[in-house]
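Below: one structure, written as C-alpha coordinates.
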Amino acid sequence: MRLFGRRFLATLAAVAAVAGAAHAQSVLKVALHSDLKIIDPIWTTALISTHHGYLVYDTLFALDEKLEIKPQMVDKWETSADKLTWTFTLRDGLEFHDGAPVTAADCVASLKRYGARDSMGQKLMANVAELSAPDARTIKMVMKEPYGLVLQTLAKPGANVPFMMPARVAATDPNTQITDATGSGPFIFKKDEWKAGEKTVYLRNAKYKPRAEPASGLAGGKVAKVDRIEWLVLPDTQTSVNALLNGEIDLIETVPSDLLPLLAKSKDIETKVVNASGRQYAIRFNVLHKPFDNPKIRLAALYALNQKEILEANVGNATFFKECKSLFPCGSPLENTKGWEGLIGGDAAKAKELLAAAGYDGTPVVLLHQTDTAGHNNLATVAKPALEKAGFKVDLQAMDWQTLVARRVKKDGLAAGGWSAFFTSWASVDILDPVAMAFLNASCEKAPFGWPCDPELEKLRDAYSKETDPAKQKAIAEAVQLRVLDYPTHAPLGQFTAPTALRKNVTGLLSSPSFAMWNIEKK
(Lines give C-alpha, C1' and ligand atoms only; values in the text may rest on other atoms or scores of the structure.)
Protein backbone atom coordinates (compact mmCIF):
# COMPACT_ATOMS: atom_id res chain seq x y z
CA MET A 1 0.00 0.00 0.00
CA ARG A 2 2.83 2.35 0.90
CA LEU A 3 4.62 1.47 -2.36
CA PHE A 4 1.45 2.14 -4.33
CA GLY A 5 1.10 5.45 -2.49
CA ARG A 6 4.63 6.50 -3.36
CA ARG A 7 4.16 5.62 -7.01
CA PHE A 8 0.86 7.44 -7.09
CA LEU A 9 2.38 10.55 -5.54
CA ALA A 10 5.34 10.36 -7.89
CA THR A 11 2.99 10.14 -10.86
CA LEU A 12 1.03 13.12 -9.58
CA ALA A 13 4.25 15.07 -9.14
CA ALA A 14 5.35 14.25 -12.69
CA VAL A 15 1.99 15.30 -14.13
CA ALA A 16 2.10 18.50 -12.09
CA ALA A 17 5.61 19.23 -13.34
CA VAL A 18 4.55 18.82 -16.97
CA ALA A 19 1.46 20.93 -16.43
CA GLY A 20 3.52 23.57 -14.67
CA ALA A 21 6.03 23.67 -17.52
CA ALA A 22 3.25 24.01 -20.07
CA HIS A 23 1.62 26.73 -18.03
CA ALA A 24 4.95 28.57 -17.67
CA GLN A 25 5.53 28.66 -21.41
CA SER A 26 5.72 32.31 -22.46
CA VAL A 27 3.71 33.23 -25.55
CA LEU A 28 4.05 36.59 -27.27
CA LYS A 29 0.97 37.50 -29.31
CA VAL A 30 1.42 40.28 -31.83
CA ALA A 31 -0.53 42.03 -34.59
CA LEU A 32 1.79 43.03 -37.42
CA HIS A 33 1.18 45.33 -40.36
CA SER A 34 0.23 42.53 -42.75
CA ASP A 35 -0.55 38.87 -43.12
CA LEU A 36 2.27 36.48 -44.07
CA LYS A 37 1.63 34.64 -47.32
CA ILE A 38 5.15 34.46 -48.79
CA ILE A 39 7.87 32.84 -46.67
CA ASP A 40 10.72 33.48 -49.13
CA PRO A 41 12.37 36.80 -48.15
CA ILE A 42 14.68 36.64 -51.18
CA TRP A 43 11.90 36.16 -53.74
CA THR A 44 9.90 39.14 -52.40
CA THR A 45 10.74 42.52 -50.89
CA ALA A 46 7.54 42.51 -48.79
CA LEU A 47 8.37 43.79 -45.30
CA ILE A 48 6.36 41.08 -43.56
CA SER A 49 8.50 38.43 -45.27
CA THR A 50 11.61 40.27 -44.04
CA HIS A 51 10.22 40.18 -40.48
CA HIS A 52 9.74 36.43 -40.93
CA GLY A 53 13.29 36.13 -42.23
CA TYR A 54 14.85 37.81 -39.22
CA LEU A 55 13.22 35.31 -36.86
CA VAL A 56 14.14 32.23 -38.89
CA TYR A 57 17.50 33.07 -40.49
CA ASP A 58 20.76 34.73 -39.55
CA THR A 59 23.09 37.06 -41.45
CA LEU A 60 26.84 37.35 -41.91
CA PHE A 61 26.82 40.99 -40.78
CA ALA A 62 24.19 43.30 -39.32
CA LEU A 63 23.58 46.93 -38.36
CA ASP A 64 23.44 47.87 -34.69
CA GLU A 65 21.18 50.58 -33.28
CA LYS A 66 23.72 53.23 -34.33
CA LEU A 67 23.55 51.82 -37.90
CA GLU A 68 27.15 50.64 -37.64
CA ILE A 69 28.17 47.38 -39.35
CA LYS A 70 28.89 44.52 -36.95
CA PRO A 71 29.76 40.83 -37.54
CA GLN A 72 26.92 38.40 -36.87
CA MET A 73 27.61 34.87 -38.17
CA VAL A 74 31.15 35.94 -38.99
CA ASP A 75 33.85 35.59 -36.36
CA LYS A 76 36.64 37.43 -38.16
CA TRP A 77 37.49 38.71 -41.62
CA GLU A 78 40.37 40.24 -43.51
CA THR A 79 41.02 42.02 -46.78
CA SER A 80 44.13 41.62 -48.91
CA ALA A 81 46.49 44.55 -49.41
CA ASP A 82 45.26 45.07 -52.96
CA LYS A 83 41.65 45.14 -51.64
CA LEU A 84 40.62 42.38 -54.01
CA THR A 85 40.35 39.33 -51.75
CA TRP A 86 37.98 39.17 -48.81
CA THR A 87 38.18 36.22 -46.41
CA PHE A 88 35.44 35.59 -43.85
CA THR A 89 35.61 32.99 -41.06
CA LEU A 90 32.34 31.75 -39.55
CA ARG A 91 32.00 31.61 -35.79
CA ASP A 92 31.66 28.32 -33.90
CA GLY A 93 28.35 26.78 -32.96
CA LEU A 94 26.24 27.72 -35.98
CA GLU A 95 23.58 25.10 -36.64
CA PHE A 96 20.49 24.86 -38.82
CA HIS A 97 17.12 23.98 -37.34
CA ASP A 98 17.39 20.45 -38.75
CA GLY A 99 20.61 19.86 -36.78
CA ALA A 100 23.04 20.24 -39.70
CA PRO A 101 26.02 22.56 -39.15
CA VAL A 102 26.12 25.83 -41.04
CA THR A 103 29.01 25.69 -43.49
CA ALA A 104 30.72 28.18 -45.75
CA ALA A 105 29.26 26.29 -48.71
CA ASP A 106 25.75 27.07 -47.41
CA CYS A 107 26.67 30.74 -47.21
CA VAL A 108 28.15 30.80 -50.72
CA ALA A 109 24.98 29.26 -52.14
CA SER A 110 22.84 31.73 -50.19
CA LEU A 111 24.84 34.73 -51.39
CA LYS A 112 24.55 33.60 -55.00
CA ARG A 113 20.76 33.27 -54.78
CA TYR A 114 20.47 36.61 -52.97
CA GLY A 115 22.76 38.24 -55.52
CA ALA A 116 20.49 37.16 -58.36
CA ARG A 117 17.44 38.93 -56.89
CA ASP A 118 18.49 41.93 -54.82
CA SER A 119 19.52 45.19 -56.50
CA MET A 120 22.47 45.74 -54.18
CA GLY A 121 23.40 42.07 -54.38
CA GLN A 122 23.37 42.18 -58.17
CA LYS A 123 25.94 44.98 -58.19
CA LEU A 124 28.13 43.09 -55.72
CA MET A 125 28.01 39.83 -57.68
CA ALA A 126 28.70 41.63 -60.95
CA ASN A 127 32.03 42.66 -59.41
CA VAL A 128 32.88 39.23 -57.94
CA ALA A 129 35.43 37.14 -59.85
CA GLU A 130 35.32 34.21 -57.41
CA LEU A 131 33.07 33.20 -54.52
CA SER A 132 34.10 29.95 -52.87
CA ALA A 133 34.33 27.93 -49.66
CA PRO A 134 37.95 26.71 -49.20
CA ASP A 135 36.86 24.87 -46.06
CA ALA A 136 33.78 24.48 -43.87
CA ARG A 137 34.27 27.76 -42.02
CA THR A 138 35.90 29.97 -44.64
CA ILE A 139 34.21 32.11 -47.31
CA LYS A 140 36.50 33.55 -49.96
CA MET A 141 35.38 36.44 -52.15
CA VAL A 142 37.70 37.73 -54.87
CA MET A 143 36.72 40.97 -56.58
CA LYS A 144 37.44 41.95 -60.19
CA GLU A 145 38.49 45.36 -58.90
CA PRO A 146 38.30 47.13 -55.53
CA TYR A 147 34.64 47.48 -54.52
CA GLY A 148 33.54 49.87 -51.80
CA LEU A 149 30.22 48.29 -50.77
CA VAL A 150 31.12 44.73 -49.75
CA LEU A 151 30.29 44.96 -46.05
CA GLN A 152 27.40 47.36 -46.67
CA THR A 153 25.84 44.73 -48.93
CA LEU A 154 26.38 41.83 -46.53
CA ALA A 155 24.86 43.90 -43.71
CA LYS A 156 21.90 45.16 -45.77
CA PRO A 157 19.13 45.55 -43.14
CA GLY A 158 16.01 45.51 -45.30
CA ALA A 159 14.51 43.80 -48.30
CA ASN A 160 16.13 41.95 -49.69
CA VAL A 161 18.27 40.84 -46.75
CA PRO A 162 21.14 38.39 -47.43
CA PHE A 163 19.83 35.67 -45.13
CA MET A 164 21.84 32.46 -44.89
CA MET A 165 20.01 29.24 -45.81
CA PRO A 166 21.04 25.60 -46.24
CA ALA A 167 22.69 25.07 -49.63
CA ARG A 168 19.96 22.60 -50.61
CA VAL A 169 17.36 25.36 -50.11
CA ALA A 170 19.49 28.11 -51.62
CA ALA A 171 19.83 25.95 -54.74
CA THR A 172 16.21 26.84 -55.56
CA ASP A 173 15.90 28.93 -58.70
CA PRO A 174 15.92 32.61 -57.59
CA ASN A 175 12.69 33.19 -59.53
CA THR A 176 10.92 30.34 -57.72
CA GLN A 177 9.67 30.67 -54.15
CA ILE A 178 11.19 28.38 -51.56
CA THR A 179 8.83 26.26 -49.45
CA ASP A 180 11.38 25.05 -46.87
CA ALA A 181 11.96 27.64 -44.12
CA THR A 182 14.85 25.85 -42.43
CA GLY A 183 17.20 28.49 -41.07
CA SER A 184 19.72 28.92 -38.28
CA GLY A 185 18.09 31.86 -36.52
CA PRO A 186 16.76 32.28 -32.97
CA PHE A 187 13.26 31.01 -33.81
CA ILE A 188 11.84 28.05 -35.74
CA PHE A 189 8.94 28.48 -38.15
CA LYS A 190 6.04 26.12 -37.30
CA LYS A 191 4.84 25.48 -40.81
CA ASP A 192 2.22 22.99 -39.62
CA GLU A 193 0.52 25.75 -37.60
CA TRP A 194 0.76 28.43 -40.30
CA LYS A 195 -2.67 29.48 -41.54
CA ALA A 196 -2.49 32.39 -43.96
CA GLY A 197 -5.14 34.91 -42.99
CA GLU A 198 -5.23 33.69 -39.39
CA LYS A 199 -1.99 32.90 -37.59
CA THR A 200 1.75 32.36 -37.97
CA VAL A 201 3.71 30.60 -35.22
CA TYR A 202 7.41 30.53 -34.24
CA LEU A 203 9.10 28.53 -31.49
CA ARG A 204 12.24 29.44 -29.61
CA ASN A 205 15.31 27.69 -31.05
CA ALA A 206 16.84 26.14 -27.94
CA LYS A 207 20.02 25.24 -29.85
CA TYR A 208 20.72 28.75 -31.14
CA LYS A 209 24.05 30.10 -29.93
CA PRO A 210 23.82 33.89 -29.67
CA ARG A 211 26.80 36.20 -29.87
CA ALA A 212 28.25 37.31 -26.55
CA GLU A 213 27.62 41.01 -27.17
CA PRO A 214 24.39 42.64 -25.94
CA ALA A 215 21.60 42.89 -28.50
CA SER A 216 21.71 46.17 -30.41
CA GLY A 217 19.53 46.89 -33.41
CA LEU A 218 19.81 43.89 -35.71
CA ALA A 219 23.23 42.96 -34.31
CA GLY A 220 24.64 41.45 -31.14
CA GLY A 221 23.29 38.54 -29.13
CA LYS A 222 19.93 37.37 -30.45
CA VAL A 223 18.56 35.87 -27.25
CA ALA A 224 15.06 34.43 -27.61
CA LYS A 225 13.34 35.23 -24.31
CA VAL A 226 9.87 33.92 -25.13
CA ASP A 227 9.07 30.32 -25.98
CA ARG A 228 6.49 31.01 -28.65
CA ILE A 229 5.54 33.91 -30.90
CA GLU A 230 2.14 34.10 -32.54
CA TRP A 231 1.41 36.56 -35.33
CA LEU A 232 -2.36 37.02 -35.32
CA VAL A 233 -4.25 38.43 -38.30
CA LEU A 234 -7.02 40.70 -36.99
CA PRO A 235 -9.69 42.33 -39.17
CA ASP A 236 -8.61 45.96 -38.72
CA THR A 237 -6.55 48.28 -36.56
CA GLN A 238 -9.44 49.17 -34.26
CA THR A 239 -9.92 45.49 -33.50
CA SER A 240 -6.18 45.18 -32.80
CA VAL A 241 -6.26 48.15 -30.44
CA ASN A 242 -9.24 46.72 -28.55
CA ALA A 243 -7.44 43.37 -28.27
CA LEU A 244 -4.34 45.12 -26.90
CA LEU A 245 -6.38 47.08 -24.35
CA ASN A 246 -8.11 43.88 -23.24
CA GLY A 247 -4.83 41.97 -22.88
CA GLU A 248 -5.71 39.54 -25.67
CA ILE A 249 -2.54 40.48 -27.57
CA ASP A 250 0.73 41.94 -26.38
CA LEU A 251 1.91 44.21 -29.18
CA ILE A 252 0.77 46.09 -32.30
CA GLU A 253 3.52 46.88 -34.78
CA THR A 254 1.93 49.97 -36.33
CA VAL A 255 -0.76 52.17 -34.78
CA PRO A 256 -2.42 55.00 -36.76
CA SER A 257 -1.93 58.32 -35.01
CA ASP A 258 -5.69 58.90 -34.62
CA LEU A 259 -5.90 55.88 -32.30
CA LEU A 260 -3.01 56.93 -30.06
CA PRO A 261 -5.22 59.00 -27.69
CA LEU A 262 -7.29 55.89 -26.99
CA LEU A 263 -4.17 53.95 -26.01
CA ALA A 264 -2.83 56.87 -23.95
CA LYS A 265 -5.75 56.47 -21.55
CA SER A 266 -4.53 53.03 -20.49
CA LYS A 267 -1.96 52.72 -17.72
CA ASP A 268 -1.02 49.29 -19.08
CA ILE A 269 0.03 50.42 -22.57
CA GLU A 270 3.04 52.30 -23.85
CA THR A 271 3.99 53.45 -27.34
CA LYS A 272 7.39 53.92 -28.93
CA VAL A 273 8.88 54.54 -32.35
CA VAL A 274 11.06 51.51 -33.05
CA ASN A 275 12.49 52.68 -36.38
CA ALA A 276 13.64 56.21 -35.57
CA SER A 277 15.07 56.78 -39.06
CA GLY A 278 11.61 56.12 -40.45
CA ARG A 279 10.35 55.18 -43.88
CA GLN A 280 9.72 56.84 -47.24
CA TYR A 281 6.48 56.52 -49.21
CA ALA A 282 6.88 55.91 -52.93
CA ILE A 283 4.87 55.38 -56.09
CA ARG A 284 6.22 52.72 -58.44
CA PHE A 285 5.56 52.80 -62.18
CA ASN A 286 5.29 49.85 -64.56
CA VAL A 287 7.22 50.94 -67.65
CA LEU A 288 6.25 47.90 -69.75
CA HIS A 289 2.76 49.07 -70.72
CA LYS A 290 0.84 52.20 -71.66
CA PRO A 291 0.44 54.79 -70.34
CA PHE A 292 3.61 54.70 -68.20
CA ASP A 293 5.83 53.24 -70.91
CA ASN A 294 6.28 56.92 -71.85
CA PRO A 295 8.65 58.73 -69.43
CA LYS A 296 6.96 62.08 -70.17
CA ILE A 297 3.66 60.68 -68.97
CA ARG A 298 5.34 59.37 -65.81
CA LEU A 299 6.75 62.87 -65.27
CA ALA A 300 3.25 64.31 -65.64
CA ALA A 301 2.12 62.02 -62.83
CA LEU A 302 4.90 63.37 -60.63
CA TYR A 303 3.61 66.90 -61.13
CA ALA A 304 0.03 65.83 -60.47
CA LEU A 305 0.62 64.05 -57.14
CA ASN A 306 0.63 66.07 -53.93
CA GLN A 307 3.05 64.84 -51.29
CA LYS A 308 1.57 66.87 -48.47
CA GLU A 309 -1.96 65.58 -49.12
CA ILE A 310 -0.66 62.02 -49.13
CA LEU A 311 1.14 62.47 -45.82
CA GLU A 312 -1.83 64.13 -44.14
CA ALA A 313 -4.23 61.43 -45.30
CA ASN A 314 -2.06 58.45 -44.38
CA VAL A 315 -0.15 59.64 -41.32
CA GLY A 316 -2.28 62.54 -40.13
CA ASN A 317 -0.25 63.75 -37.16
CA ALA A 318 2.56 66.06 -38.33
CA THR A 319 4.67 64.78 -35.43
CA PHE A 320 5.15 61.61 -37.42
CA PHE A 321 5.71 62.87 -40.97
CA LYS A 322 7.98 65.14 -42.98
CA GLU A 323 7.74 66.50 -46.50
CA CYS A 324 10.88 65.65 -48.47
CA LYS A 325 11.44 66.08 -52.21
CA SER A 326 14.65 64.08 -52.26
CA LEU A 327 15.10 60.57 -53.63
CA PHE A 328 17.49 59.91 -50.76
CA PRO A 329 16.09 60.48 -47.26
CA CYS A 330 16.15 63.98 -45.85
CA GLY A 331 18.68 64.05 -43.04
CA SER A 332 20.93 61.53 -44.78
CA PRO A 333 24.31 62.40 -46.38
CA LEU A 334 22.92 62.30 -49.94
CA GLU A 335 19.82 64.44 -49.31
CA ASN A 336 19.26 66.63 -52.38
CA THR A 337 16.16 68.29 -53.86
CA LYS A 338 17.76 69.81 -56.94
CA GLY A 339 15.41 69.63 -59.91
CA TRP A 340 12.49 68.39 -57.82
CA GLU A 341 11.35 71.70 -56.35
CA GLY A 342 8.20 71.94 -58.51
CA LEU A 343 7.27 68.26 -58.48
CA ILE A 344 4.91 66.22 -56.24
CA GLY A 345 3.12 69.41 -55.26
CA GLY A 346 -0.20 68.91 -57.00
CA ASP A 347 0.45 71.07 -60.09
CA ALA A 348 -2.45 69.85 -62.24
CA ALA A 349 -1.94 72.54 -64.91
CA LYS A 350 1.68 71.53 -65.53
CA ALA A 351 0.69 67.87 -65.56
CA LYS A 352 -2.02 68.56 -68.18
CA GLU A 353 0.49 70.40 -70.32
CA LEU A 354 2.91 67.46 -70.20
CA LEU A 355 0.15 64.95 -70.95
CA ALA A 356 -0.90 66.88 -74.04
CA ALA A 357 2.70 67.18 -75.25
CA ALA A 358 3.26 63.45 -74.68
CA GLY A 359 0.16 62.51 -76.66
CA TYR A 360 -1.67 60.76 -73.81
CA ASP A 361 -4.48 58.78 -75.45
CA GLY A 362 -6.67 58.15 -72.42
CA THR A 363 -5.36 54.68 -71.57
CA PRO A 364 -6.50 54.10 -67.97
CA VAL A 365 -3.95 53.99 -65.20
CA VAL A 366 -4.55 50.70 -63.38
CA LEU A 367 -3.78 51.82 -59.85
CA LEU A 368 -3.43 49.04 -57.26
CA HIS A 369 -4.95 50.02 -53.94
CA GLN A 370 -3.97 48.23 -50.73
CA THR A 371 -6.80 48.33 -48.21
CA ASP A 372 -5.50 46.54 -45.14
CA THR A 373 -2.16 48.11 -44.18
CA ALA A 374 -2.27 50.84 -41.54
CA GLY A 375 -0.69 54.07 -42.70
CA HIS A 376 -0.82 52.99 -46.35
CA ASN A 377 -4.48 52.37 -47.09
CA ASN A 378 -5.20 55.93 -48.27
CA LEU A 379 -2.26 56.28 -50.64
CA ALA A 380 -4.08 55.29 -53.82
CA THR A 381 -7.38 56.92 -52.83
CA VAL A 382 -5.64 60.29 -52.46
CA ALA A 383 -3.65 59.82 -55.66
CA LYS A 384 -6.69 58.96 -57.79
CA PRO A 385 -8.42 62.40 -57.73
CA ALA A 386 -5.05 64.17 -58.10
CA LEU A 387 -4.29 62.19 -61.26
CA GLU A 388 -7.82 62.64 -62.59
CA LYS A 389 -7.64 66.39 -62.04
CA ALA A 390 -4.58 66.40 -64.29
CA GLY A 391 -6.40 64.52 -67.03
CA PHE A 392 -5.54 60.88 -66.36
CA LYS A 393 -8.17 58.19 -66.48
CA VAL A 394 -7.77 56.01 -63.39
CA ASP A 395 -8.93 52.46 -62.75
CA LEU A 396 -8.58 51.98 -58.99
CA GLN A 397 -8.46 48.31 -58.04
CA ALA A 398 -8.72 47.45 -54.35
CA MET A 399 -7.09 44.41 -52.73
CA ASP A 400 -5.22 43.37 -49.60
CA TRP A 401 -1.49 43.96 -49.48
CA GLN A 402 -0.44 40.35 -49.94
CA THR A 403 -2.60 40.06 -53.05
CA LEU A 404 -0.92 43.21 -54.36
CA VAL A 405 2.51 41.75 -53.59
CA ALA A 406 1.70 38.69 -55.68
CA ARG A 407 0.22 40.73 -58.52
CA ARG A 408 2.98 43.31 -58.86
CA VAL A 409 5.44 40.67 -60.13
CA LYS A 410 3.25 39.93 -63.17
CA LYS A 411 4.21 41.46 -66.49
CA ASP A 412 0.83 40.86 -68.16
CA GLY A 413 -0.84 43.65 -70.11
CA LEU A 414 -3.56 45.73 -68.46
CA ALA A 415 -6.35 43.76 -70.12
CA ALA A 416 -4.88 40.51 -68.78
CA GLY A 417 -4.68 41.56 -65.13
CA GLY A 418 -1.58 43.75 -65.29
CA TRP A 419 -1.00 47.04 -63.52
CA SER A 420 0.28 50.58 -64.07
CA ALA A 421 1.37 51.78 -60.63
CA PHE A 422 1.20 50.99 -56.92
CA PHE A 423 2.29 52.59 -53.67
CA THR A 424 4.58 51.26 -50.97
CA SER A 425 7.21 52.44 -48.51
CA TRP A 426 10.86 51.70 -47.84
CA ALA A 427 12.88 51.94 -44.64
CA SER A 428 15.13 54.97 -44.91
CA VAL A 429 18.19 52.83 -44.24
CA ASP A 430 17.36 50.75 -47.34
CA ILE A 431 17.48 53.72 -49.72
CA LEU A 432 20.50 55.70 -48.59
CA ASP A 433 22.34 55.55 -51.92
CA PRO A 434 21.80 54.75 -55.63
CA VAL A 435 22.97 51.14 -55.28
CA ALA A 436 20.93 50.27 -52.19
CA MET A 437 17.74 51.87 -53.53
CA ALA A 438 16.02 48.99 -55.34
CA PHE A 439 13.67 51.23 -57.30
CA LEU A 440 16.69 52.84 -59.01
CA ASN A 441 17.74 49.50 -60.45
CA ALA A 442 17.16 50.07 -64.17
CA SER A 443 18.65 46.83 -65.45
CA CYS A 444 15.61 45.85 -67.52
CA GLU A 445 14.71 42.19 -66.93
CA LYS A 446 16.85 42.06 -63.78
CA ALA A 447 15.17 45.12 -62.29
CA PRO A 448 12.45 44.74 -59.64
CA PHE A 449 8.76 44.80 -60.62
CA GLY A 450 8.15 47.84 -62.81
CA TRP A 451 11.19 46.77 -64.86
CA PRO A 452 12.79 50.12 -65.77
CA CYS A 453 15.43 49.87 -68.47
CA ASP A 454 17.90 52.75 -68.63
CA PRO A 455 21.64 52.31 -69.41
CA GLU A 456 22.41 55.83 -68.16
CA LEU A 457 21.06 55.11 -64.67
CA GLU A 458 22.98 51.84 -64.56
CA LYS A 459 26.23 53.59 -65.50
CA LEU A 460 25.72 56.05 -62.66
CA ARG A 461 24.94 53.26 -60.17
CA ASP A 462 28.08 51.39 -61.28
CA ALA A 463 30.15 54.54 -60.86
CA TYR A 464 28.78 55.08 -57.36
CA SER A 465 29.55 51.51 -56.31
CA LYS A 466 33.23 51.94 -57.21
CA GLU A 467 33.72 55.46 -55.83
CA THR A 468 35.11 55.94 -52.32
CA ASP A 469 35.40 59.74 -52.19
CA PRO A 470 32.27 61.05 -50.35
CA ALA A 471 32.24 64.29 -52.34
CA LYS A 472 32.32 62.41 -55.65
CA GLN A 473 29.69 59.98 -54.39
CA LYS A 474 27.42 62.91 -53.58
CA ALA A 475 27.92 64.34 -57.08
CA ILE A 476 27.00 60.99 -58.64
CA ALA A 477 23.90 60.75 -56.44
CA GLU A 478 22.84 64.22 -57.60
CA ALA A 479 23.29 63.13 -61.22
CA VAL A 480 21.09 60.11 -60.46
CA GLN A 481 18.35 62.31 -59.04
CA LEU A 482 18.41 64.54 -62.12
CA ARG A 483 18.41 61.52 -64.45
CA VAL A 484 15.23 60.25 -62.80
CA LEU A 485 13.51 63.40 -64.03
CA ASP A 486 14.25 62.30 -67.60
CA TYR A 487 13.52 58.64 -66.88
CA PRO A 488 11.22 58.39 -63.84
CA THR A 489 11.37 55.02 -62.10
CA HIS A 490 9.39 56.07 -59.04
CA ALA A 491 8.90 59.11 -56.84
CA PRO A 492 9.40 59.87 -53.13
CA LEU A 493 6.17 60.87 -51.40
CA GLY A 494 7.43 61.96 -48.00
CA GLN A 495 8.88 60.43 -44.87
CA PHE A 496 7.17 59.11 -41.77
CA THR A 497 7.65 57.16 -38.57
CA ALA A 498 5.13 54.72 -37.14
CA PRO A 499 4.51 54.22 -33.41
CA THR A 500 4.40 50.71 -32.00
CA ALA A 501 2.13 49.93 -29.03
CA LEU A 502 2.80 47.26 -26.42
CA ARG A 503 1.66 46.25 -22.99
CA LYS A 504 4.00 47.35 -20.21
CA ASN A 505 4.70 43.80 -19.11
CA VAL A 506 6.48 43.33 -22.44
CA THR A 507 10.04 44.63 -22.34
CA GLY A 508 13.21 44.51 -24.43
CA LEU A 509 11.81 45.68 -27.79
CA LEU A 510 14.85 46.82 -29.74
CA SER A 511 15.23 49.98 -31.80
CA SER A 512 16.00 48.84 -35.33
CA PRO A 513 15.07 49.52 -38.96
CA SER A 514 13.41 46.09 -39.24
CA PHE A 515 11.24 44.55 -36.53
CA ALA A 516 13.40 42.47 -34.16
CA MET A 517 11.48 40.11 -31.88
CA TRP A 518 14.36 38.47 -30.05
CA ASN A 519 15.34 40.12 -26.75
CA ILE A 520 11.63 40.67 -25.99
CA GLU A 521 10.58 39.40 -22.58
CA LYS A 522 7.01 38.96 -21.35
CA LYS A 523 6.66 39.14 -17.59
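Here are the numbers for this structure:
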{"item": "Residue check for E456: part of a helix (DSSP H, G or I), touching an Asp or Glu at 6+ places or on another chain (Cβ under 9 Å) and outside the structural domain of L67 (by TED's automatic domain parsing)", "result": "yes"}
{"item": "Residue satisfying condition, being in contact (Cβ under 8 Å) with a residue 40 or more places away in the chain and of a type in the set (D, E, K, R), within set K389, K393, K410", "result": "K389"}
{"item": "Enumeration of residues in segment 276-312 that are over 23 Å from the mean Cα position of the chain (by Cα), of a type in the set (G, A, S) and over 10 Å from A421 (Cβ atoms)", "result": "A300, A304"}
{"item": "Scan of segment 323-357 for residues that are crowded, with 18+ Cβ neighbours inside 10 Å and among the charged types (D, E, K, R), ordered by number", "result": "K325, D347, K350, K352"}
{"item": "In segment 253-265, residue nearest to the chain's Cα centre (by Cα) [restricted to those that are of a type outside the set (D, E) and outside any helix (DSSP H, G or I)]", "result": "T254"}
{"item": "Criterion (over 13 Å from S119 (Cβ atoms), within 15 Å of the chain's Cα centre (by Cα), not small (G, A, S) and not assigned by TED's automatic domain parsing to the domain that holds Y114) met by exactly one of T507, T424, T468", "result": "T424"}
{"item": "Answer residue from segment 41-71, given it is assigned to a loop (DSSP other than H, G, I, E, B) and of a type in the set (D, E, K, R) and is nearest to M141 (Cα to Cα) among those", "result": "E68"}
{"item": "Inter-residue pairs, beta-carbon under 6 Å, first in contact (Cβ under 8 Å) with a residue 60 or more places away in the chain and in segment 445-456, second part of a helix (DSSP H, G or I) and crowded, with 22+ Cβ neighbours inside 10 Å, 6+ apart", "result": "P448/A438"}
{"item": "Near pairs, Cβ below 7 angstrom, 6+ apart or cross-chain, from segment 192-213 (more than 12 Å from L36 (Cβ to Cβ) and outside the structural domain of P101 (by TED's automatic domain parsing)) to any residue that is of a type in the set (V, I, T) and outside any strand (DSSP E or B)", "result": "R204/V226; P210/V223"}
{"item": "Residues (hydrophobic (A, V, I, L, M, F, W, C) and not in a helix (DSSP H, G or I)) located in segment 383-413", "result": "A390, F392, V394, L396, A398, M399, V409"}
{"item": "Residue within segment 486-505 that is more than 30 Å from A224 (Cα to Cα), in a helix (DSSP H, G or I) and not small (G, A, S) present", "result": "yes"}
{"item": "Which numbered condition D227 fails, given (1) surrounded by fewer than 22 Cβ atoms within 10 Å (Cβ to Cβ); (2) touching a Leu at 6+ places or on another chain (Cβ under 9 Å); (3) farther than 17 Å from L55 by Cβ", "result": "(3)"}
{"item": "Residue match in segment 72-85 (condition: within 24 Å of M141 (Cα to Cα), under 16 Å from the mean Cα position of the chain (by Cα) and not in a loop (DSSP other than H, G, I, E, B))", "result": "no"}
{"item": "Number of positions in segment 137-180 that are surrounded by 22 or more Cβ atoms within 10 Å (Cβ to Cβ) and farther than 21 Å from K70 by Cα", "result": "1"}
{"item": "Unique residue being under 26 Å from D250 (Cβ atoms) and surrounded by fewer than 18 Cβ atoms within 10 Å (Cβ to Cβ) when the list is K272, K290", "result": "K272"}
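The values are calculated or read from the model by the stated rules, or taken from the named source; none is laboratory data. As the structure is a computational prediction, the values presented were derived from the model and not from experiment. All Cβ positions, glycine included, derive from the backbone under ideal geometry; neighbour counts span all protein chains shown.
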